[in-house]
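Only one structure is covered here, and it is reproduced in the block below.
Every read-out reported here was derived from the displayed coordinates using simple, explicitly stated rules and does not represent laboratory data. All values reported here derive from a predicted model rather than from experimental measurement. A quick note on method: Cβ atoms are made from the backbone with ideal geometry, for glycine too, and the neighbour counts reach across all protein chains shown.
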Amino acid sequence: MNNKTILVTGARGQLGKTLEHCWSASGLAADNELVLYDIEELDLTSSAEVQKQLNSINPHAIVNTAAYTAVDQAEQEANAALAVNATAVANLAGWAAGRACTIVHISTDFVFDGKSNTPYTPEDSTAPLSVYGVSKRAGEVQLLSGSQDKHVIIRTSWLYSEYGKNFVKTMLQLMQDKDELGVVADQTGSPTSTHSLAGLVLQMLSQGAKSGIYHWTDGASISWYEFAGAIQAEGIRQGVLETGIPLKPLTTADHPTPATRPAYSVLDRSKTLAGLQMDASNWEQELSRVIKRIATSIEK
Ligand SMILES: NC(=O)c1ccc[n+]([C@@H]2O[C@H](COP(=O)([O-])OP(=O)(O)OC[C@H]3O[C@@H](n4cnc5c(N)ncnc54)[C@H](OP(=O)(O)O)[C@@H]3O)[C@@H](O)[C@H]2O)c1
């Protein structure tokens, strides 16, 4: 019998759709009901709406994947970014306070300034460089300050999937359309497939993870340029691309963007792997899995 409810917010986003895809194969489906809400069903920035809807479905866990994720646009829309990435988190935490409801919240490597040259641990100091990063850090603070030590924050980076818009899909498209491509080579980070991240979220929900901040990636330490090279090679191998095009390394200065990105944002996932007995995901295998799903157009 389904006697508990898990709410996924941002359900039409990359991670939300992946959680929906992975749900039926997870052990949780046997005795939990999954409720999938995006902004049409529940605008998280409205405190009144959050109270009303959550009172009605009474979730025992909330996976908050909803976010304002337009990193460059956020520089012009700080209030909109803060509303979704911080106020909405406060609204969820406010409802969960005093109730038996755990929030699994997703955050980002962009809370760091990128001045490190070793992987960031969950305990390292944050110093976001962009409005998006500031708004995501503000969301973390909202959750930690009112948490009564029961909520979980997962920071992840360079998320991609077969859904929505992301670097892998953009590269594959540009590699089909262009004769050559310049890609930034002086920013280093870790690509993360929403499938490996969804696996972690479901594992945390099954196991009842200890509260706190966790880091999750697929374990690489590479530049966007190196990632593009791997995407092209795998795209050709799987027949998504007919042929390769020359890739040219660019500097961040060659490719200015409104929002400043950290030059280095590799996250140390060792606490997550040890604490949850998770198998370490492998970035090349994850890339191959997602390109296969893109190639076979299972769902986009
Ligand atoms: N994408 C990355 O590279 C990356 C990297 C590190 C961390 N993260 C974090 O990972 C999480 C999942 O990212 P994602 O790529 O799956 O995001 P996404 O595809 O942009 O999905 C976010 C979803 O939230 C919805 N949403 C926006 N405002 C809302 C509101 N007021 N109420 C309810 N829903 C709202 C969005 O709807 P609309 O599309 O209509 O706005 C969208 O469907 C986010 O917390 C993000 O900050 C992402």
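Remark: pairs (first residue in the stretch 1-25, at positive phi; second residue among the aromatic types (Phe, Trp, Tyr) and within 16 Å of the ligand (Cβ to nearest atom); Cβ separation under 9 Å; 6+ apart in sequence or on different chains) = Gly10/Tyr37.
Take the conditions more than 12 Å from the ligand (Cβ to nearest atom), at negative phi and of a type outside the set (Asp, Glu) and apply them to Ala83. Does it pass? No: the conditions fail for Ala83. Residues that are touching a His at 6+ places or on another chain (Cβ under 9 Å), under 17 Å from Leu15 (Cβ atoms) and not acidic (Asp, Glu) do occur in the stretch 197-206, at least one of them. Does any residue in the stretch 57-70 that is in contact (Cβ under 8 Å) with a residue 12 or more places away in the chain and over 21 Å from Lys165 (Cα atoms) come within less than 9 Å, Cβ to Cβ, of a residue that is more than 7 Å from the ligand (Cβ to nearest atom) and small (Gly, Ala, Ser) six or more places away or on a different chain, and which pairs are these? Final answer for the pair search is Pro59/Ala96; His60/Ala100; Ile62/Ala96. Only one entry in Lys169, Lys165, Lys136 is surrounded by 24 or more Cβ atoms within 10 Å (Cβ to Cβ), among the basic types (Lys, Arg) and within 15 Å of the ligand (Cβ to nearest atom), namely Lys136. Considering every residue within the stretch 36-56, establish whether at least one is under 30 Å from Thr188 (Cβ atoms) and in contact (Cβ under 8 Å) with a residue 12 or more places away in the chain. Taking every residue of the stretch 36-56 in turn, none turns out to be under 30 Å from Thr188 (Cβ atoms) and in contact (Cβ under 8 Å) with a residue 12 or more places away in the chain.
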